[in-house]
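Here is the structure we will look at, set down as structure tokens.
All of the numbers you see were taken from the coordinates with simple rules; none came from a lab. Remember, it's a predicted structure, so these values are computed and weren't measured experimentally. Cβ coordinates were reconstructed from backbone atoms using ideal geometry, including for glycine residues, and neighbour counts include every protein chain displayed.
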Amino acid sequence: MNRGNLRDFSTNGRRLALLSVLAIVIGLIGGLIAWILLRLIGLITHLAYNGKIGWSLVAPNVHHWGIWSVAVPIAGGLVVGLLAKYGTEKIRGHGIPEAIQAILENDSKMEPRVALIKPIASAITIGTGGPFGAEGPIIMTAGAIGSLVGQFLRLSSMERRTLLVAGAAAGMSATFGAPVSSVLLAVELLLFEWRPRSLVPVALASTVAEGVRVWLLGTTPIFATGATLKLPWSIVIWAICIGIAAGFLSGVLTKFVYWTEDIYRKLPVHWAWWPAIGGLVVGIGGLINAAALGVGYPTIRLLDSGQVVWIAALSLFAVKAVIWVVSLSSGTSGGVLAPLLMLGGALGVILSPLFPDHLVGIWATIGMAAMLGGTMRAPFTATIFTMETTHNWTLLLPVFMASIAGMAVTVLWIPRSILTEKLARRGVHVAREYAVDSMERESVREIMVSREKMTTVPMAAVVGSIRAYLSEMPDAMHNGYPVVDNEGDLRGIIYWSEMLSHSADRAEDLMHPVTSIEDWQQVRAAMGVMAREQIGQVAVVDRTGSWVGWISRRDIFTTFRRALDAEEQHEPPYSLPWLRALWGHYNQAATIQGQGNTNKKHDLAGRRFTRFMNYRKAFHHLPRNNQSNEPDD
């Protein structure tokens with residue numbers, strides 16, 4: 001292996017091809033699952049609120065049953081509670097946190113029961129008025145399918161994770177017709193890496209699922225809005241304001257969700273009854289504003305098209321926020337993306353009178369992206385998702401800035417998002433920051449100790465004399481030492497612990513084979529060798545195989561410490577002594593000139609000449625190269 005084998009990305013072509021083929025199959029399955037679940041939600045909605053068979057996604061009609069419509073979400077909550085208790089508890093929640101936990105704790109393994117019960121429970125919840133989107137259950141179900149495919153094959157944990165995430169991305173892509181943002185969501189929330197080995201299969205699954213959606217549902221964007229032309233640049237400023245407001249409300253909603261969950265835990269009833277209690281609140285909210293119930297996609301379309309008036313948006317926001325928080329905290333099954341979109345769209349309409357031109361649909365679309373980006377802390381996903389679902393690409397910049405502003409507020413205000421807080425309460429910490437490992441940026445040659453500086457042990461040396469010699473050199477104490485022959489060539493390694501516990505005559509008798517690594521390789525490769533071999537030192541060789549140095553765990557720790565210093569140590573600002581000197585002389589010249597101006601004999605030309613001479617004098621006294629900073633007298 002030589003320097004030419006260093007690549008920007010480490011990807012095995014054969015494994016990538018295998019995962020890509022499997023991802024295409026998972027994309028097909030995910031697209032079909034999304035279509036089936038959407039139809040199932042429509043069927044239950046029509047049966048529960050209209051008393052007839054229908055398949056389209058519609059807002060629940062509370063007027064059909066009147067006040068008795070309150071019982072519909074209660075009944076749905078009872079069924080979901082029983083499914084969770086006697087089926088599997090893993091159907092509780094909105095899908096994405098459960099997928100993350102499966103990735104982090106269970107080697108990306110999900111139970112087959114989840115793939116069967118989760119969509120049924122979610123369809124019942126949403127179809128009976130639950131204020132959730134279909135995307136969370138679809139993501140969970142399609143992800144479970146991907147995980148199951150990986151479990152039936154001889155794959156690594158990382159490869160199973162890729163297939164799980166491929167299924168999740170396929171489910172979201174087929175639900176919203178947003179293949180690119182589905183991949184971005186996978187990267188920002190689920191993959192925990194940016195590598196071709198996972199990015200390519202996930203992108204293939206998402207694209208195939210989008211193809212299935214186009215085949216079954218057509219090409220019309222789910223939240224289509226008309227193109228907006230000739231927008232002023234100032235819209236970016238107002239978009240940032242919406243983003244700040246959305247970020248603040250995102251934090252408030254996140255805190256209320258888990259505050260309400262804590263209240264549920266104090267109730268003297270089993271958790272299986274919680275969804276029914278949440279259903280009671282949902283039913284009452286439906287009597288106040290029925291548009292807040294159900295999957296909400298038709299209502300979001302109205303918001304984005306500017307067809308919702310201010311007072312209606314205020315009522316929608318208040319009712320949706322309350323029933324969503326209470327229902328989500330109860331542990332029922334449903335997604336969070338659609339509720340966030342509705343809340344963000346309503347927020348944009350509410351704030352629209354404060355902004356110029358009263359472009360209600362535009363502010364609703366920007367608010368939708370800002371709420372999504374702030375709550376989920378995924379601004380790239382929120383931006384591209386909004387563009388893909390509305391096809392209003394002229395809003396790209398304001399939508400992006402609103403998403404960034406929303407994320408900035410929540411990141412600075414609350415430690416975890418609505419997704420990761422649930423996991424933190426289960427003892428699982430999720431790191432959301434991506435960066436190139438400092439161990440990938442430095443080579444072994446840069447941190448190794450050269451052979452000339454190493455304390456070596458001759459093969460023929462007597463062990464007792466070696467112990468005595470090294471004991472007198474505390475600075476040279478190490479766990480192991482290189483053993484060399486008469487020519488100085490490396491022959492092995494001898495460990496200090498064995499020299500203390502054995503009574504061998506010569507170092508050669510205690511010598512072990514030494515593991516080596518080439519000097520052009522990265523420090524991370526050396527760490528991998530130490531971890532696999534369970535050793536603390538490796539020899540460094542050049543391209544010809546000659547021994548050139550030594551690297552130990554201490555050297556790696558030193559490298560990591562430098563990376564910490566680069567993050568934590570703040571250096572003083574760059575100093576410009578000549579600028580300070582110029583400023584001082586200018587002030588002095590201005591003082592002299594001010595005193596001279598008291599003499600009415602100086603005219604304008606004289607003052608300008610005096611100022612010029614003072615500047616010239618100031619420049620004359622500036623320090624030169626390798627001279628003192630003090631001006632000459």
Selected from Ala461, Leu564, Ser450, residue furthest toward positive end of dipole (region 438-568; charges at beta carbon)
Leu564
What number in nm² do you get for region 142-263 if you take the convex hull of its Cα atoms and divide its surface by four?
11.5
Other-chain or far-sequence residues with amide H under 5 Å of Val336's (modelled H):
Gly133, Gly136
Using the Cβ atoms and a cut-off under 15 Å, what net charge is assigned to the surroundings of Lys85, where Lys and Arg are +1 and Asp and Glu are -1?
+3
Which of the chymotrypsin sites (Phe, Trp or Tyr not before Pro) found in region 207-266 are in a DSSP loop and have at most 16 neighbouring Cβ atoms, other than their own, within 10 Å?
Trp233
Correct semi-axes for region 375-419, from √(5λ) of the alpha-carbon gyration tensor and rounded to whole Å with the largest first, are 22, 11, 5
From the C-alpha gyration tensor of region 188-227, square roots of 5λ in Å:
27, 14, 7
Counting residues in region 438-568 as N, plug N into 2.2 N^0.38 Å and put the Cα Rg over that result.
1.09
With viscosity set to 0.890 mPa s at 25 °C, what whole-number translational diffusion coefficient in µm²/s follows for region 235-424 from Stokes-Einstein and a Kirkwood radius over Cα pairs?
149
Surrounding charge for Leu38, neighbours by C-beta under 11 angstrom, Lys/Arg +1, Asp/Glu -1, total +1
Rg to Rh for region 270-319: what is it, with Cα atoms only and Rh by Kirkwood?
1.10
Report the net charge of residues surrounding Ser181, where surrounding means a beta-carbon distance below 13 angstrom and charges are Lys +1, Arg +1, Asp -1, Glu -1.
-4
Cβ-based charge dipole, region 465-554, positive-most Cα from Gln521, Met499, Val540
Gln521
Could I get the Rg over Rh figure for region 299-352? Both from C-alpha atoms, Rh via Kirkwood, rounded to two places.
1.00
May I ask you to work out the translational diffusion coefficient for region 319-405 at 10 °C, viscosity 1.306 mPa s, via Stokes-Einstein with Rh from the Kirkwood sum over Cα pairs, reported in whole µm²/s?
121
Across all Cα atoms of region 154-226, Rg and the largest Cα-Cα distance (Dmax), in Å, are 12.9, 49
Just the Cα atoms of region 18-90, one point each, no solvent: what log10 I(q)/I(0) does Debye give at q = 0.25 Å⁻¹?
-1.07
What are the extents of the Cα atoms of region 13-217 along their three principal axes, in Å, largest first?
61, 36, 26
